[in-house]
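Data first, discussion second: the structure below is written as structure tokens.
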Amino acid sequence: MTVASANGSSGHHNPLNVIVATDCGSTTTKAILIEKIGNEYRQTYRGEAPTTVEAPFEDVTRGVLNAIAEIEELSGRKILDGETIITPNRASEGDAKTGVDIYISTSSAGGGLQMMVTGVVQNMTGESAQRAALGAGAIVIDVLASNDGRLPHEKIDRIRSMRPDMILMSGGTDGGAMTHVIEMADYVAAAEPRPRFGVTYKLPLIFAGNKDAQPQVKKILGEKTALVVTDNIRPVLEKENLGPARNKIHDLFLEHVMQQAPGYKKLIDMAGAPIMPTPAAVGVIMETIAKRNRLNLIGVDIGGATTDVFSVFGGIFNRTVSANLGMSYSISNVLAEAGLPNIMRWVPFTIDEQTLRNRIKNKMIRPTTIPQTLDELQIEHAIAREALRLALLHHTSLATGLKGVQQERTISDVFEQQTSGKTLIDMLTLNLIVGSGGILSHAPRRIQSMLMMVDAYEPVGSTMLAVDSIFMMPHLGVLSTINEQAATDVFVRDCMVYLGTCIAPRGRGAQGEACIEYDLTFPDGRTISDRMTFGELRLYPLASGDRATIALRPAKHYDVGSGAGVPLSQSVEGGVAGLLIDCRGRPLQLPEEQNARVAALKKWYHAVDLYPGS
Amino acid sequence: MAHSYTPGLTVTDRTTVRRRRVLPLPGKVLVQVGHRVRSEQPVARAELPGKVYPVNLANQLSIAPDEIKEYLVKREGDTVERDEILAENKPFIKWFKTEIRSPVSGTIESISPVTGQVLLREPPKVLELSAYVDGVIVEVIPEQGVVVEADCSLVQGIFGIGGEARGEIVVAVSGHDEPLTPQHLTSAMKGKVVIGGSFLPAETMARAKELGVTGLVVGGIHDKDLRALLGYDLGVAITGGERVGFTMILTEGFGTIPMAMKTFKLLSSHAGRQASISGATQIRAGVIRPEIIIPQSGKTSGEAPLRPPHEGIQIGDPVRIIRDPLFGRIGEVSALPPDLTKIPTESDVRVLEVKFPDGSRTVIPRTNIEVIEGAWS
């Protein structure tokens, strides 16, 4: 096995038997060791340490070395020689426990890549530019468009005040009108945008608009910015061409932005392959899972500062990064966006508002702390549900078909009032939800991860759920770009943990009224015939890899996937949590009265043995 | 866990700090290496480009964009006064004459024959960057700024709001655990940095604003009072630009939490001295914590060196618990068990044992404490 060319920069051509990979998150730096055992790659040890962009270090490599040092202690392998990673592995010299063959990393430390995008029409080129930036793993801090309702001087002020790391300009189809594109270039030039880091370097700006406007844009912005011109992201109205702009974003991120963050220059030198932004790396893995198994998938990576959502529906991949929805740095923003009642609706006890607000703010200012008591854990799980829910709403609004495009319609479509730009997210056709990130990967009981995702996403019909075992998807994403076999082996064996299937009828009713009847046949032939009423939640053990069959007979206004009241038989797959049957209604509605809500939560949490003593 | 790293806040009577003072855009540095500077002294100056005003001449004159040059009275780079004519048409009948006047005084930045727009820019604004702390210039970064070094006492807070300020330290309370009430504030505290104890209620904030207090340093506040003060719910801890009338620094966190005795004693010992303070907080990359810097005159750095930070946590280190249920308690590390331990949430985590001043002990996840960094002694 040799390293495939990463993009030429690694220069490694040694056999890859021992790999160390890190992900520098905004809160924690995670390191994993991957070793070739026989013919298969396995993830063997892991370590973590706080990310050290803070004083006194202000050097991301310190956290990386600390996380790798933990692996050294646990594995007995000598990886570090002072502050240098020993490469390659010295097995050929008779020293099997020294060195690794390659070190690779992903990063979202430093607040990630913050971009501003511009277009001509907000929900056409503006949105295409947004998708291009989000797809490259960026956080889009604003979308400026000629028709965004802001006055010219307001646009200029906005560009000046936001201080993005990079700007992506789009607008106009090739050969179309240029006026608005040039106008926007004038505004950007007039704003004289300054980057967040560094006084002397010029702000990277990508122009991916009307190709006829390129000479004018070069004239206006060539001197004032580090201008890069690439193919139009919307060459014709009916087509998006996001690839070239995304590649340029990655290149400029490495060349300009990461160089400015504390210690990244050293990190880039340490790594044997280009450092990928974490959302880009997780996206690679999510897209691979979906395409390999031909699934419709929603993936989520809930981190400290951001929540990244990925989806593949009908083979179309989309990614959004919800900046400021996260579990540490941004936890207070989840409270601000969701509102206190929405968070409290998941908490199975009463707590006064002041105490809760202070606790959330304390987590914001000391983001590396963990819940020590059960009530603190339950509060964090409540906040996570809201962060997941809000991030999916954001994703749903952006994962759409192209807007402004004339749709071809046949006679069969005449009675369907479809508009262009309809969201691609269809929960009834969703096959798999994959969760990653600290709160999901490190939940003490796997059922907690499953219920957090079920409550936030409200899957309908039959949906499989999985979780990243110890949060290693980013590592595997970057690894897949240099050694696909290693990434695949570890992904299948050590990373993906199937939680089980959730069956949830769509429809609502009164508490206690009949909802579904079912016959559940387990792999050993045992059959259970039972019924559930509206408001009930039930969990059956069904191990990973095992399949059961279930014949569902919904009541007349409940739909399990074949239509209201229509029976359905299907095969369902198990997981570490089991088979969850959720008759709490879709949309999910919790009792509004406080005591009734707490009682309902306690009943549900007890039904699935969610917490110790529940 | 030899390399274990726990972030901590520094509270020390003697240290040397270096503060990088950098302009937001290239400008002129006004001092040289070796110069002794005062905190309020300007060390660099830049001209912030003025505001931009677009004027669409083509629309207003009802002409094609590429024709505007024929109608312009002024050219690119020319200066204009407010109401001065920028462009005009030349009709046969004088009554139909249209004159486009400048909405601002400034210069003509650009003229676009594609859009028909003229961009006017107001005169630049002079931005002066102060030294912030009393000290010596140890580095000049050409066109950008300087590095100032100061021998000082340093207290890092955990969170703050408001920008840089300077004032005399006044201790308003008698103990580290006493809340700062409106009655503690007097008109003599105008322009000063007031040290409180465990809690700052909303009424005290209002009184401080009324009196013109420069800074407030306390153990904790309630989030709801912060929200009322700012007028919005703070989503992420990136602050420093607030204009609420004073700079506020929390040393412990949110809630009623007595200020660490070490911090209170240190600040009290400097009552009457001038301090430079900043509430700017950024809990992300290039982290910024609020701080109180009190210059030390006649003392040299290195008398009580800071422990090298990469040594990691050790038995005997003073620590603050930073998570419920014992949030805000201060003690010292009494044991560092190496094995993973199951805590009530059922998570297996690395823990340490903390001994409190009353002799009681508790086991805490390592990540839920912070070392009170300072001099070794």
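The values are calculated or read from the model by the stated rules, or taken from the named source; none is laboratory data. Computed from a predicted model, the values in this text were never measured in an experiment. Cβ coordinates were reconstructed from backbone atoms using ideal geometry, including for glycine residues, and neighbour counts include every protein chain displayed. Note: accessible area is taken over every heavy atom of the protein model, side chains too, but ligands, DNA and RNA are not part of it. Shrake-Rupley method; radii C 1.70, N 1.55, O 1.52, S 1.80 Å.
General observations
- Unique residue being open to solvent by 10 Å² or more (accessible area, probe 1.4 Å) and hydrophobic (A, V, I, L, M, F, W, C) when the list is A:L151, A:L144: A:L151
- Residues located in segment A:556-585, provided they are open to solvent by 10 Å² or more (accessible area, probe 1.4 Å), within 21 Å of A:M464 (Cβ to Cβ) and outside any loop (DSSP other than H, G, I, E, B): A:D559, A:L568, A:S569, A:Q570, A:S571, A:E573
- Residue in segment B:152-163 that is among the hydroxyl-bearing types (S, T, Y), closer than 30 Å to B:V138 by Cα and not in a helix (DSSP H, G or I) present: yes
- Considering residues of segment A:57-79 that are surrounded by fewer than 17 Cβ atoms within 10 Å (Cβ to Cβ) and either free of Cβ contacts under 8 Å to residues at least 60 places away in the same chain or touching a Gly at 6+ places or on another chain (Cβ under 6 Å) (or both) only, the residue nearest to A:M496 (Cα to Cα): A:L74
- If you go through segment A:324-349 and keep only what is within 10 Å of another protein chain (Cβ to nearest Cβ), without any contact (Cβ under 8 Å) to a residue 60 or more places away in the chain and not aliphatic (A, V, I, L, M), you end up with A:N324, A:S330, A:S332, A:N333, A:E337, A:G339.
- Residue match in segment A:123-144 (condition: farther than 30 Å from A:V282 by Cα and not aromatic (F, W, Y)): no
- A:A382 being modelled with pLDDT of 95 or more and in contact with a strand residue (DSSP E or B) (Cβ under 6 Å, 6 or more places away or on another chain): no
- The requirement of being without any contact (Cβ under 8 Å) to a residue 24 or more places away in the chain, surrounded by fewer than 19 Cβ atoms within 10 Å (Cβ to Cβ), within 12 Å of chain A (Cβ to nearest Cβ) and in a strand (DSSP E or B) is not satisfied by B:T362.
- Exclusive hit being among the β-branched types (V, I, T), in contact (Cβ under 8 Å) with a residue 24 or more places away in the chain, open to solvent by less than 30 Å² (accessible area, probe 1.4 Å) and farther than 30 Å from A:H394 by Cα, set A:I550, A:I503: A:I550
- The lone exception for A:V100 - which of (1) part of a loop (DSSP other than H, G, I, E, B); (2) open to solvent by 10 Å² or more (accessible area, probe 1.4 Å); (3) under 24 Å from A:V282 (Cβ atoms) it fails: (2)
- Pair list, Cβ < 6 Å and 6+ apart or interchain, from segment B:76-88 residues that are touching a residue at least 60 places away in the same chain (Cβ under 8 Å) to residues that are open to solvent by less than 90 Å² (accessible area, probe 1.4 Å) and part of a strand (DSSP E or B): none
- Residue that is more than 32 Å from the chain's Cα centre (by Cα) and either under 23 Å from A:V347 (Cβ atoms) or not hydroxyl-bearing (S, T, Y) (or both), where the choices are A:I528, A:I581: A:I528
- Any hit, segment A:107-114, residues being part of a strand (DSSP E or B), within 30 Å of A:S75 (Cβ to Cβ) and in contact (Cβ under 8 Å) with a residue 24 or more places away in the chain: yes
- Meets criteria (within 12 Å of chain B (Cβ to nearest Cβ) and open to solvent by less than 30 Å² (accessible area, probe 1.4 Å)) for A:A189: yes
- Looking only at residues in segment B:90-120 that are charged (D, E, K, R) and part of a loop (DSSP other than H, G, I, E, B), the one that is most open to solvent (accessible area, probe 1.4 Å) is B:K90.
- Just one of the listed residues (B:G231, B:G240, B:G245, B:G253) is more than 14 Å from chain A (Cβ to nearest Cβ), on the phi > 0 side of the Ramachandran plot and not polar (S, T, N, Q), and it is B:G245.
- Selection status of B:D13, in contact with a strand residue (DSSP E or B) (Cβ under 6 Å, 6 or more places away or on another chain), charged (D, E, K, R) and closer than 30 Å to B:E252 by Cβ: yes
- Subset tally (residues that are more than 15 Å from A:A486 (Cβ to Cβ) and either in contact with a Phe, Trp or Tyr (Cβ under 9 Å, 6 or more places away or on another chain) or modelled with pLDDT of 90 or more (or both)) for segment A:10-23: 2
- Members of segment A:302-324 found to be at pLDDT 85 or above and open to solvent by less than 10 Å² (accessible area, probe 1.4 Å), listed by number: A:I302, A:T307, A:D308, A:V309, A:F310, A:S311, A:V312
- Residues within segment B:156-169 that are away from chain A (no Cβ under 14 Å) and open to solvent by less than 30 Å² (accessible area, probe 1.4 Å), tallied: 5
- Of the numbered criteria (1) modelled with pLDDT under 90; (2) open to solvent by less than 60 Å² (accessible area, probe 1.4 Å); (3) at positive phi, the one B:T10 fails is (3).
- Some residue of segment B:338-348 being part of a loop (DSSP other than H, G, I, E, B), open to solvent by less than 40 Å² (accessible area, probe 1.4 Å) and modelled with pLDDT under 90: no
- Within the span defined as segment B:139-147, every residue fails to be under 22 Å from B:H270 (Cα atoms) and either open to solvent by less than 30 Å² (accessible area, probe 1.4 Å) or within 14 Å of chain A (Cβ to nearest Cβ) (or both).
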